[in-house]
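Read through the structure below, which is laid out as structure tokens, and then see the notes.
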Amino acid sequence: MNRKIADIRSILQEHSKLFQNSIPLIASENITSPAVDEACASEFSHRYAEGWPGQRVYAGCKYIDEIEIICQDLAKEYFNCVFADVRPISGVMANLVLYNAFTSRNNGRMCAMPIPKGGHISHAPKFTSSGTPIFGTAGTVRGLDIQYLAFDEEAMNIDPDESAKIIREFEPELVLFGASVFLFPHPVKELSDVAKEIGAYVGYDAAHVAGLIGSGYFQDPIREGADAVALSTHKTLPGPQHGTVLSNREDLVKELKHAAFPALFSNHHLHNVAGLAVALAEMLEFGKKYHKQVIENAKAFAEALHERGFNVLCEEKGFTESHQIVVDISNFEKTIGLGGDIERLLESANIIINRNLLPWDIREGRHYMNPGGLRLGTSEVTRLGMGKSEMVDIAEFFKQLIIEQKDPKKVKNEIAEFRKQFQVVKYCFQSSNKAYEYIKFY
Ligand SMILES: *Cc1c(COP(=O)(O)O)cnc(C)c1O
């Protein structure tokens, strides 16, 4: 065998082994089921089908059309809306669809969340207010002028009263809700009314919380006033990496379709559309149980860390209402270091997390490379079958590593042992045949 191919195979196997022996707590990640993987590895991965089903630019799309329509229908059912475009190839592309549809190019105005408070780089301007280039998507690609919504650092949420003032004064074309650090539902209802007063569209970026929304455990942005929702399909929604745009406004459908194709992409990664269809079928069947457990685990994990002396944000609000928790680790600065250092320490014992800026970090002179916080998510460990008692076990590993400073090599071995009972993806059809039966009878 060609040596390079042999290398690639063995490196991929090493990667799988690493994740089979680790505790995966990245809030933006999840794990796909065997049925989703099968669909993603299908013949569709090397085909082209530009355009809408039935109106393709290529021949040979008969079966691709069938699957894409099934995928749209499953998305409309799961999210309870009249329009679903499953073509955007990622969450950022889905956001760009909203920007294309709802804002003017160059100096169009948008209100959104700032990055240090949990906003995403795709919502950001090209330059910070002090002129430093950050190349945010909204500014760089669309030339948008961004005014940030006000943020209540104690509540870890958008401040509705201050933000209403900002929206009235700035008069944006689009008000975008949603974030990457997302503990509590945003005040969409209150602020949608304000946005509509001044004639602005309301968008909602559900990249992180799409699964929680679809299963009915977070907020319902469409019913609360969002004209369109953009999402990633692979965070709390455990599908392949892809994007989707939803809307309940029949009058905006044409605009939204054109804002996606041909404006943003040609082909749209058809294997992932097939994989997404399977993931949506799984969530219609198992999502209620799964996402209920995801949120319960996040609360239990927060509680267990708090009991062991960690400063988990928002104790008085029950820590979280999503799949995420945020921990302020600045009290370990003298013993271990800040977010980047703790991320590396945990990684050396196979606990995979990400460091995160706290809302006050920039003000206190901290940088995203070594911020004061950690963001932890329970989507993947829950999908592996873990429950509340395992959240306590994981909190105990954190204590051993960060507080007791136990040898990471020893903890790593204990973690490999701990993971042995959690090797099968749950909340999915256990044989891929069952998944396809569901889709066929749908
Ligand atoms: C992750 C994320 C995205 C980007 O999603 P991709 O699918 O990686 O492009 C967009 N918005 C928010 C709020 C996110 O957290």
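Applied to region 143-151, the Karplus parametrisation 6.51 cos²θ - 1.76 cosθ + 1.60 on θ = phi - 60° returns per-residue 3J(HN,Hα) values of x, 6, 9, 10, 10, 7, 5, 6, 10 Hz, with x for Gly and Pro. Backbone amide hydrogens, once placed in the peptide plane, bring residue 205 within less than 5 Å of 177, 178, 230, excluding anything fewer than 5 places away on its chain. If Lys and Arg each add +1 and Asp and Glu each add -1, what is the summed charge of the other residues whose beta carbon sits under 15 Å from the beta carbon of residue 232? After counting each charged neighbour, the total is -2.
Antiparallel beta bridges, as assigned by DSSP with both residues in region 35-282, represent about 50 percent of the total such bridges.
Normalised by the number of residues in the chain, the mean separation of alpha-carbon contacts (under 8 Å, six or more apart) gives a relative contact order of 22 percent. Listed peptides 175-186, 231-242 appear in the order 231-242, 175-186 once ranked by packing, highest mean of other Cβ atoms within 10 Å at the front.
Take every pair of alpha-carbon atoms less than 8 Å apart whose residues are at least six positions apart; their mean separation over the length of region 273-357 yields a relative contact order of 18 percent. Among 269-276, 317-324, 392-399, 365-372, sorting by the average number of other beta carbon atoms lying within 10 angstrom of each residue, highest first, gives 269-276, 317-324, 392-399, 365-372.
On region 362-429, 51 percent of the accessible area sits on carbon and sulfur atoms, based on a 1.4 Å probe. In a DSSP loop and with at most 12 other Cβ atoms within 10 Å, the chymotrypsin sites (Phe, Trp or Tyr not before Pro) in region 1-100 are 58. Rounded to 0.05, the FRET efficiency of the residue 4 and residue 45 pair, given R0 = 25 Å and the Cβ-Cβ distance, is 0.75. For the chain, a/c is not less than 1.5, where a ≥ b ≥ c are the root eigenvalues of the C-alpha gyration tensor, and a/b does not top b/c. That puts it in the oblate class.
Antiparallel beta bridges, as assigned by DSSP with both residues in the chain, represent about 60 percent of the total such bridges. Considering only the other residues whose Cβ falls under 12 Å of the Cβ of residue 412, what net charge follows from Lys and Arg at +1 and Asp and Glu at -1? Charge balance near residue 412 sits at 0. Relative to one another, the C-alpha centroids of region 405-420 and region 283-301 are positioned 26 Å apart.
The values are calculated or read from the model by the stated rules, or taken from the named source; none is laboratory data. Predicted model only: the values in this text are computed from it and were never measured. Here the Cβ is made from the backbone with ideal geometry for all residues, glycine too, and neighbour counts use every protein chain on show. Heads up: the accessible areas ignore ligands, DNA and RNA and are worked out on the full protein's heavy atoms, side chains in. Shrake-Rupley method; radii C 1.70, N 1.55, O 1.52, S 1.80 Å.
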